[in-house]
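Everything on this sheet refers to the single structure shown next.
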Amino acid sequence: MESPTPSAALEEVLSGEILRMYQEIVEDPAAEFHFFHGREAAERFGYDPAELDTVPAGALASFAGVGNPHERAHLQPGETVLDLGSGAGLDAVLASRRVGPSGRVIGVDMNPVMCRTAEAHVALDGGVMECHQARMEELPLPDASVDVVISNGVLNLSFRKRRVMEEMHRVLRPGGRMSITDIVSAKQLSQSIVNDPKLWAS
Ligand SMILES: C[S@@+](CC[C@H](N)C(=O)[O-])C[C@H]1O[C@@H](n2cnc3c(N)ncnc32)[C@H](O)[C@@H]1O
């Protein structure tokens, strides 16, 4: 059997850390993490506190985004939204409310536990979401099939960001839009940071 290339091997280690870390936020949201999460993070990133009072408690407690993609997504009733890296589902819950029963919320998360958790939170909120266990580098969706892509703190986790951008463009309908909140470094990161799965995963 061929041994994996160094970058494939690192990607596998990184995936394992990502699976573990975000699942831990669902299983034990009160634990210590070295990044903001839960209600504190959501309020810091400008989510409406009054609306946060009304969302399923688990979706809020395990929220792990880095910004608020809804500020610019301007989701409309009837639209089809793709939520990349759905996590525990706070963004999916809000998307489902905005697009309403005539719209559609499709999630993609590589962790099946996150997918089922996000779907359950949207259902608890009275909406419907279909979440696919898949990688955002290989979206299991047809070309030109969604109106809006949202994602929150997910692109930075990918080893193949250009590939993710290509996939987002492929699935967007002509005239579609994307609202992405993420982490960008203006400085070249040192190799010791780049090669640390824990730092990359968060
Ligand atoms: C920062 S959380 C998303 C927060 C979420 N929007 C919310 O409302 O709480 C990141 C999620 O992206 C998923 N993820 C990370 N890398 C991925 C990849 N390459 N493909 C699909 N999902 C990925 C993780 O499993 C995790 O659930």
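Summary of computed values
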{"quantity": "Degrees between helix 112-124 axis and first principal axis of the chain (Cα, 0 to 90, nearest 10)", "calculated": "10 degrees"}
{"quantity": "Local net charge near Pro77, Cβ-Cβ under 13 Å (Lys/Arg +1, Asp/Glu -1)", "calculated": "+1"}
{"quantity": "Gain upon complete extension [Leu10, Gln191; 0.36 nm per residue less C-alpha separation]", "calculated": "63.9 nm"}
{"quantity": "Rounded percent of accessible protein surface that carbon and sulfur make up, the stretch 6-201, 1.4 Å probe", "calculated": "56 percent"}
{"quantity": "For the chain, size of Cβ-based charge dipole, Lys and Arg +1, Asp and Glu -1, in debye", "calculated": "540 debye"}
{"quantity": "Spin-label zone in the stretch 112-145 - amide nitrogen under 12 Å from a point set 7 Å from the Cα of Asp182 along the C-beta vector", "calculated": "136-137"}
{"quantity": "Angstrom value of the Kirkwood radius, inverse mean 1/r, which spans all Cα pairs in the chain", "calculated": "17.2 Å"}
{"quantity": "Mean accessible surface per residue for the stretch 6-201, computed with a 1.4 Å probe while every protein chain stays in place, in Å²", "calculated": "49 Å²"}
{"quantity": "Angle in degrees between helix 6-27 and the longest Cα principal axis of the chain, rounded to the nearest 10", "calculated": "40 degrees"}
{"quantity": "Length added when fully stretched, Arg162-Glu130, from 0.36 nm per residue minus Cα-Cα", "calculated": "9.0 nm"}
{"quantity": "Structure-based [θ]222 nm, the chain - -39500 (n - 2.57) summed over DSSP H runs of at least 4, per residue, nearest 500", "calculated": "-11500 deg cm²/dmol"}
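The values are calculated or read from the model by the stated rules, or taken from the named source; none is laboratory data. Remember, it's a predicted structure, so these values are computed and weren't measured experimentally. Quick reminder, even Gly has a Cβ in these numbers, built from the backbone with ideal geometry, and neighbours come from all protein chains shown. Just the protein is used for accessible areas: all its heavy atoms, side chains included, with ligands, DNA and RNA removed. Shrake-Rupley method; radii C 1.70, N 1.55, O 1.52, S 1.80 Å.
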